[in-house]
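Worksheet for the structure shown next.
The values are calculated or read from the model by the stated rules, or taken from the named source; none is laboratory data. Please read all numbers here as calculations on a predicted model, not as lab measurements. Using ideal geometry, Cβ is built from the backbone for each residue, glycine included, and neighbour counts are taken over all protein chains shown. Please note that ligands, DNA and RNA were not included when accessible areas were found on the heavy atoms of the full protein model with its side chains. Shrake-Rupley method; radii C 1.70, N 1.55, O 1.52, S 1.80 Å.
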Amino acid sequence: MSCYILADTFFISKTVGANGITALNLVLPLYNLIFAIGSMIGVGSAIRFAIAKNQGEKNNRYFFNAIFFTTLFALIFMAIGVFIPDKLVAILGGSSEIVKVGTPYTKIFMCFTPLFMWNYICNAFVRNDGAPSIAMAATVISSLFNIVMDWVLMFPLKMGMAGAALATALSPVVGCAICCIHFFSKKNNISFKPCVPSFVKLFNCAKLGVSAFVGEFSSGVITVAFNMIILKLVGNIGVAAYGVVANISLVAVSVFNGVAQGSQPLISESYSKGNHQNITTYLKMAVTTTIGVAVLLVVCIYLYAPAITAVFNGEGNQVL
């Protein structure tokens, strides 16, 4: 999923330059907040669903409940995107020049907030309903779709930042569509029947998803803090440089999230069956994997930092 933003960064650097990267990095925390809310409700609800399913409870309504409440949250983001996207970019630290560049991007992607959140929920539920391959296919194919559409909209069609936003906004549509393969299969155990929304269910699910929320939201808070400090010290070019660093770190964090979310259904199933030995085994495997990947990433970045930075410096700006 981090490919959504990484592809944007690369193509924006080629078509818009440093100002485009600056604008993207200023609004990046909004992605973090959207994904944080989606993951808190989606992952937490999917865990409750998995436990209920393995304990024999049929037709639970966790899926509908999750979709309903994320839609309510998404409407707030949509309203901001429609009415005050320029003010939002300015609040996040954008100068008049950056506001002009970043407003179209912000307006478009915030109007598609429900799709980002629904995609997160669909992916989590499909994975926890015993179809991790479909969930993975949905994520990979939607990311590839985003990259292709980025190129089409930004180069042949010359839509600039608006094209980057539209490509990113349409990619979760592809993810949700692929998840429908499982929803319409005979193996599907996810209930789509409408029910009275339950705040109690929401709270119980959010408790299990709060760690996912904190992980995403903290990245946004850190980015906002760094942006504000760097703007004062160096200006827009400094934020553009930090944008490269932030987007690469986003990929690394996504790898760790992949390990966490991959082990989560297995741990949930073991918990529901009272098999605590398996829980410990899965936890050790997950921690070992993340440490190994972290060491590999640090070595690669240490050795190839100049080459990686150059990929996102389409203007050849030596200061950047």
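It is to be established whether one or more residues within region 190-200 are of a type outside the set (Ser, Thr, Tyr), out of contact with any helix residue (DSSP H, G or I) (no Cβ under 7 Å at 6 or more places or on another chain) and assigned to a helix (DSSP H, G or I). Checked region 190-200: at least one residue is of a type outside the set (Ser, Thr, Tyr), out of contact with any helix residue (DSSP H, G or I) (no Cβ under 7 Å at 6 or more places or on another chain) and assigned to a helix (DSSP H, G or I).
Tallying residues that are over 17 Å from THR139 (Cβ atoms), among the hydroxyl-bearing types (Ser, Thr, Tyr) and in contact with a helix residue (DSSP H, G or I) (Cβ under 7 Å, 6 or more places away or on another chain) within region 245-275 yields 4.
Just one of the listed residues (ASN275, ASN247) is among the polar types (S, T, N, Q) and over 30 Å from GLY20 (Cα atoms), namely ASN275. Each residue in region 284-320 was checked for being closer than 12 Å to ALA252 by Cα and outside any helix (DSSP H, G or I), and 0 of them qualify.
For every residue, the table says whether it meets (1) among the aromatic types (Phe, Trp, Tyr); (2) more than 20 Å from LEU33 (Cβ to Cβ).
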residue: PHE213; (1), (2): yes, no
residue: PHE226; (1), (2): yes, no
residue: LEU233; (1), (2): no, yes
residue: SER249; (1), (2): no, no
residue: GLY258; (1), (2): no, yes
residue: VAL295; (1), (2): no, yes
residue: VAL299; (1), (2): no, yes
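Among the residues of region 264-286, those that are under 22 Å from the mean Cα position of the chain (by Cα) and either under 26 Å from ASN247 (Cβ atoms) or among the acidic types (Asp, Glu) (or both) comprise GLN264, ALA286. Scoring ILE291 on the criteria (1) open to solvent by 50 Å² or more (accessible area, probe 1.4 Å); (2) closer than 30 Å to ALA23 by Cα leaves a single failure, condition (2). Going by what's in this entry, would PHE112 be described as under 15 Å from ILE34 (Cβ atoms) and not small (Gly, Ala, Ser)? Yes. Screening region 50-73 for residues that are touching a Gly at 6+ places or on another chain (Cβ under 9 Å) and within 26 Å of ALA164 (Cα to Cα) and picking the one that is surrounded by the fewest Cβ atoms within 10 Å (Cβ to Cβ) gives PHE73. For region 181-193, the condition of being surrounded by 20 or more Cβ atoms within 10 Å (Cβ to Cβ), at pLDDT 95 or above, closer than 30 Å to ASN65 by Cα and out of contact with any Pro (no Cβ under 6 Å at 6 or more places or on another chain) holds for at least one residue. Evaluate the following for ALA167: is it part of a helix (DSSP H, G or I) and within 12 Å of PHE11 (Cα to Cα)? Yes, satisfied. In region 70-132, counting only helices (runs of 4 or more DSSP H) that sit wholly within it, the ones holding 1 or more residues that are under 16 Å from the mean Cα position of the chain (by Cα) and modelled with pLDDT under 95 span 96-111, 113-128. Of all residues in region 74-104, those that are out of contact with any helix residue (DSSP H, G or I) (no Cβ under 7 Å at 6 or more places or on another chain) and open to solvent by 60 Å² or more (accessible area, probe 1.4 Å) total 8.
Residue-level analysis places MET161 among those that are touching a Gly at 6+ places or on another chain (Cβ under 7 Å) and among the hydrophobic types (A, V, I, L, M, F, W, C). Residue pairs whose Cβ atoms lie under 6 Å apart, sitting 6 or more positions apart in sequence or on different chains, and linking a residue in region 129-145 that is touching a residue at least 40 places away in the same chain (Cβ under 8 Å) to a partner that is outside any helix (DSSP H, G or I) and open to solvent by less than 40 Å² (accessible area, probe 1.4 Å), are ASP129/ILE190.
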